[in-house]
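S.K.: My questions will all concern the structure given below.
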Amino acid sequence: MSPAAEMDSLMLSLLAVVCASMAASDHALVEQTASALGLEPHDVVVSQRIDDGTTTRFRARTESGEDYHCLVGGSISLLGRSVSEAVCTPGKPLAETPLPDR
């Protein structure tokens with residue numbers, strides 16, 4: 001592969017992945033979370049969103065008052081937006097849970 005072709009390939013690769021904050025809309029978070037919890041989207045409220053690279057962490061609260069910690073991965077490629085299924089675990093809201101030291 002020529003240096004120009006390698007550079008083109010590298011540029012396309014860099015353009016192919018964009019952080020989750022741009023890929024995962026609030027609507028997508030609600031849809032994916034509702035699906036993961038077996039609920040309807042109108043039964044889920046998403047808040048305390050934290051975008052960290054290709055991962056978005058957030059709090060989800062159901063209409064019945066249950067709290068969950070959730071996360072999704074997201075990217076934007078030449079084929080469009082892609083948001084992973086939500087992974088949720090029951091627990092306290094994020095504001096009440098200290099973040100681990102990095």
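S.K.: Here's a check for you: in the range 40-68, which residue that is part of a loop (DSSP other than H, G, I, E, B) and small (G, A, S) is nearest to V83 (Cα to Cα)?
M.R.: Per the criteria, the residue is G53.
S.K.: If I ask for residues that are of a type in the set (D, E, K, R) and either closer than 14 Å to G91 by Cα or touching an Asp or Glu at 6+ places or on another chain (Cβ under 8 Å) (or both), which ones from the range 33-81 would you list?
M.R.: D43, R49, R57, R59, R61, E63, E66, D67
S.K.: Residue check: is T54 at pLDDT 95 or above and surrounded by 15 or more Cβ atoms within 10 Å (Cβ to Cβ)?
M.R.: No; evaluated as a whole, the condition is false for this residue.
S.K.: Can you report the number of residues in the range 6-36 which are modelled with pLDDT of 65 or more, farther than 15 Å from S84 by Cβ and either of a type in the set (K, R) or more than 12 Å from the chain's Cα centre (by Cα) (or both)?
M.R.: Of the residues in the range 6-36, 1 are modelled with pLDDT of 65 or more, farther than 15 Å from S84 by Cβ and either of a type in the set (K, R) or more than 12 Å from the chain's Cα centre (by Cα) (or both).
The values are calculated or read from the model by the stated rules, or taken from the named source; none is laboratory data. Worth saying up front: this structure is predicted, and the values here are computed from it rather than measured. For neighbour counting, all protein chains shown are included, and Cβ atoms are generated from backbone atoms with ideal geometry for every residue, glycine included.
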